[in-house]
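The values are calculated or read from the model by the stated rules, or taken from the named source; none is laboratory data. What you are looking at is a predicted structure, and each value in this text was computed from that prediction instead of being measured. Using ideal geometry, Cβ is built from the backbone for each residue, glycine included, and neighbour counts are taken over all protein chains shown.
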Amino acid sequence: MDIAGATAAIISPLKIVIPASDREESLLLLRENIANPLSWSLLFKSDVPQVTYRIRNYVLNGDAKEALRLKESYKDTFALEAVSAAIIAQITITMPGLSDFGNIHWTATAFAYTSLVSGILSTFFSFYVQKILSDLHGPKDVREWLTSPRNKLADRFIDAILPQYRPPRTAGNAANRRDRIPSLTAAATLTAPSRLLSFSIISLFVALGIYLGSVHTAKLGTLKGSNANLAVLLFFIIFSAWAIFEIYLPVNSKHVDQITASLVSNVECDFQLRELGNSRPNIGPTTAVTSSETLETEDIIREALKASIRAQEESLKAQKALLELLDSQSG
């Protein structure tokens, strides 16, 4: 399989899972940062394309003051993340003091300390990145930090090996081809505290789940009742799943709608291709669709040209009539 075929095989599944805007931004980031080691970490940083999209549209292609607005919005976000991470770290540090915590499986301790370290680092990086942003005084300083120079040699390399993914020459893409691009390093820096905070919360939940499961299986609990430990474990699992579903679904409903629309669109396209293939047994589906689309395009162009010629003839007649009217009045 050649490079183009391998790339198409990788991108096809992503078209369903990743929203169109994030997918296009991710592909554009890979094109622009193919030589940057951070570009391959995008597989684990789904929030980075959202930040670079904002930088591209509101800083590079927008007003200069948008850079300051973006800076101020992140300063408020980092303040909240620092407080949240500190609270999670304080909760996590009390976990080793739970009853029989030293007698359960070692993974609970590992996840507890992982949550603690992630919370501390999230607090520190929130402060550190906020300090970096505070040192950027003007829109020009913020814009320079949020962007980086374009590697034109990498662009030529990608265009040479993957010509089918070359963006068309439109006004929007011409703007995206300017000398500076969104900085992948800046985007990863801006999203690092939130990723660490999320990892800290997830690790805390996993540690609690392992602790309750170990207490039940080893029968270490002192609760009254024959199945009290099992009831607590089941209640923890059910409530945690419900809470995550209750929060995650509304927040990511737009993403879910886009995935559903992509699935429906793919199913409809496959159904139409099968129908065309059944109606034209001697012609392949792809060839039939291409030929019909070409004929329809030619008919539209032909009718548009005829309409344009008729309009020009009518305009010429009107101009001649006006000229004759002016000549008769002057005579």
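Looking only at the stretch 200-220, which residues are surrounded by 10 or more Cβ atoms within 10 Å (Cβ to Cβ) and farther than 20 Å from Thr92 by Cα?
His216, Thr217, Ala218, Leu220
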ask   = If only one of Asn227, Asn252 is at pLDDT 80 or above and out of contact with any helix residue (DSSP H, G or I) (no Cβ under 8 Å at 6 or more places or on another chain), which one is it?
value = Asn227
query = Could you say which residue among Ile3, Ile34 is at pLDDT below 75, over 15 Å from Ala188 (Cβ atoms) and in contact with a Leu (Cβ under 8 Å, 6 or more places away or on another chain)?
reply = Ile3
task = Take Val206 and decide whether it is over 30 Å from Ala79 (Cβ atoms) and either assigned to a helix (DSSP H, G or I) or under 24 Å from the mean Cα position of the chain (by Cα) (or both).
result = no
